Amino acid sequence: MASASPRRRDLLGQIGIVPDAVAPAHIDETPRRDEPPRALAERLAREKAAAAHTALAAETAGVGPTAQAPAYLLAADTVVAVGTRALPKALDRATAGRCLALLSGRRHRVYSGVALIAPDGRQTVRVVQSTVAFKRLSHAETALYLDRGDWHGKAGGYAIQGLAAAFIRFVQGSYSNVVGLPLFETAQMLAGAGFPLARDLPPSPEAPS
């Protein structure tokens, strides 16, 4: 998995998948001039997957025929957008405050780009969109959220699975996408590439007799 996000690892765990290795891809995530948020999410997922794939190939080059076969490599990136504006990852209180001011009382979109490279080199990329509506935040609510620090490192300055859940009126589309990884689409991509997903799914509870 080309991501160090504990949220994405937890999400994969929900569908019974534990990555064999975590190899974060370090790329420049700066949006290009006039780049739409959806295109940004797709490009960053592709570039993260490509960077991690290159690193993996370099590590396994020349180790002989007994080396482990190439792995399924999964990368993702999530972009929060208000209109045509992609919001940054909040790394300081001031940035988080500006993000919350833009989100307050409005609907916004969350895009996740997911890129999968199969062992045979085939690459699949999907972009999933969800719509999220925030209530209008009071000064006290904003201050409390900023004080709690849940915003740190989060796209758009919030995490739906934390305190911000109290601010969200509704979500249209995939909830797991807003957390950071759209599980249905990711599972479909893995299955389509030949990953034995059913092997890792927990058994269904027996029906009562």
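Residues in region 40-83 that are assigned to a loop (DSSP other than H, G, I, E, B) and either modelled with pLDDT of 95 or more or of a type in the set (Gly, Ala, Ser) (or both): 61, 62, 64, 67, 69, 71, 83. Does residue 141 meet the test of being open to solvent by 30 Å² or more (accessible area, probe 1.4 Å) and modelled with pLDDT of 95 or more? The answer is yes for residue 141.
Criterion applied to 4, 45, 41, 49 was being more than 20 Å from residue 80 (Cβ to Cβ) and open to solvent by less than 70 Å² (accessible area, probe 1.4 Å), and the one residue passing it is 49.
When region 92-145 is filtered for residues that are more than 18 Å from residue 173 (Cα to Cα) and part of a strand (DSSP E or B), the ones remaining, listed by number, are 115, 116, 117, 123, 124, 125. Name the single residue, out of those in region 24-34 being without any contact (Cβ under 8 Å) to a residue 12 or more places away in the chain and either aliphatic (A, V, I, L, M) or at negative phi (or both), that is surrounded by the fewest Cβ atoms within 10 Å (Cβ to Cβ). In this case the residue turns out to be 33.
Selection of region 178-194 for residues being without any contact (Cβ under 8 Å) to a residue 60 or more places away in the chain and either open to solvent by less than 20 Å² (accessible area, probe 1.4 Å) or closer than 19 Å to residue 161 by Cβ (or both) yields only 184. When region 146-166 is limited to residues that are part of a helix (DSSP H, G or I) and touching a Lys or Arg at 6+ places or on another chain (Cβ under 7 Å), the one that is modelled with the highest pLDDT turns out to be 146.
The values are calculated or read from the model by the stated rules, or taken from the named source; none is laboratory data. Quantities reported herein were computed from a predicted structural model and do not represent experimental measurements. Because the Cβ atoms are built from the backbone with ideal geometry, glycine has one as well, and the counts that use them run over all protein chains shown. These area figures cover heavy atoms from the full protein model, side chains too; ligands, DNA and RNA do not enter into them. Shrake-Rupley method; radii C 1.70, N 1.55, O 1.52, S 1.80 Å.
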